[in-house]
Amino acid sequence: MKSIFSAKICALTIGAALLSQAAFALEAPTGRVILTVSGNITETNSEQGAQFDREMLLALGADQLTTETPWTEGINTFTGPRLAALLNAVGASKDSILSVTALNDYSANVPAQDAYDHNIMLAMDMNGKPMSVRDKGPIFILYPFAKNPALNNEMIHNRSVWQVKSITVN
């Protein structure tokens, strides 16, 4: 009787552990959270959705993009992960609409497909230095304006959110 009871407790404990791992498939951030992704995603690491610190985002793959922007002077080299890598990491659909929100609560809707069609960057560094809030950081949604001048229009400018704090996948 005692061994059956122990076996049931053991099974319940293992089941609870497996459920908690399934509910939170991403590693938990160890540093300061700078981005929260929520909404229609399949991979999470907190009750708020998927939270990322700087190192977690850079671990998605840090690419470089050299471009001019309407908001910075001259040609600059930006570094950060691609938005598509983030969307893949959280299990977001390419058909989604992303509500991207800045620290000052400015928000813009960005089609997730843009991440794949235009290779959008989550710029975190500019010219080798982490972007501060004053310099449009910690995260700046950056389209490749130099590679595709057609992107230099009001609609894309509105989608180029800086000081990003959260993305809601709809």
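The values are calculated or read from the model by the stated rules, or taken from the named source; none is laboratory data. What you see is a predicted model; the values in this text were computed from it and never measured. Note that each Cβ is placed from the backbone with ideal geometry, even for glycine, and that neighbours are counted across all protein chains shown. SASA here: full protein model, heavy atoms, side chains in, ligands and nucleic acids out. Shrake-Rupley method; radii C 1.70, N 1.55, O 1.52, S 1.80 Å.
Descriptive notes on the structure:
- Tally, over the stretch 82-107, of residues that are in a loop (DSSP other than H, G, I, E, B) and either more than 18 Å from K136 (Cα to Cα) or among the small types (G, A, S) (or both): 6
- Within the stretch 72-90, the residues that satisfy the criterion of being surrounded by fewer than 16 Cβ atoms within 10 Å (Cβ to Cβ) and more than 17 Å from P130 (Cβ to Cβ) are E73, G74, I75, N88.
- On inspection, A150 does not qualify as among the hydrophobic types (A, V, I, L, M, F, W, C) and open to solvent by less than 20 Å² (accessible area, probe 1.4 Å).
- Residue count, the stretch 46-66 (criterion: outside any loop (DSSP other than H, G, I, E, B) and open to solvent by less than 70 Å² (accessible area, probe 1.4 Å)): 12
- Residue match in the stretch 35-45 (condition: modelled with pLDDT of 95 or more, outside any loop (DSSP other than H, G, I, E, B) and among the acidic types (D, E)): no
- For M124, the stated conditions hold: it is in contact with a Lys or Arg (Cβ under 8 Å, 6 or more places away or on another chain), over 16 Å from N158 (Cα atoms) and aliphatic (A, V, I, L, M).
- Some residue of the stretch 125-145 being within 22 Å of T44 (Cβ to Cβ), of a type outside the set (D, E, K, R), open to solvent by 70 Å² or more (accessible area, probe 1.4 Å) and not in a loop (DSSP other than H, G, I, E, B): no
- All positions within the stretch 98-113 that are in contact with a helix residue (DSSP H, G or I) (Cβ under 7 Å, 6 or more places away or on another chain) and touching a residue at least 60 places away in the same chain (Cβ under 8 Å): L98, L103
- Of the residues making up the stretch 150-170, those that are assigned to a strand (DSSP E or B) and among the hydrophobic types (A, V, I, L, M, F, W, C) are W162, V164, I167, V169.
- Meets criteria (touching an Asp or Glu at 6+ places or on another chain (Cβ under 7 Å), assigned to a strand (DSSP E or B), modelled with pLDDT of 95 or more and under 22 Å from K165 (Cβ atoms)) for T79: yes
- Residue count for the stretch 116-149 satisfying the condition of being closer than 22 Å to K94 by Cα and without any contact (Cβ under 8 Å) to a residue 24 or more places away in the chain: 1.
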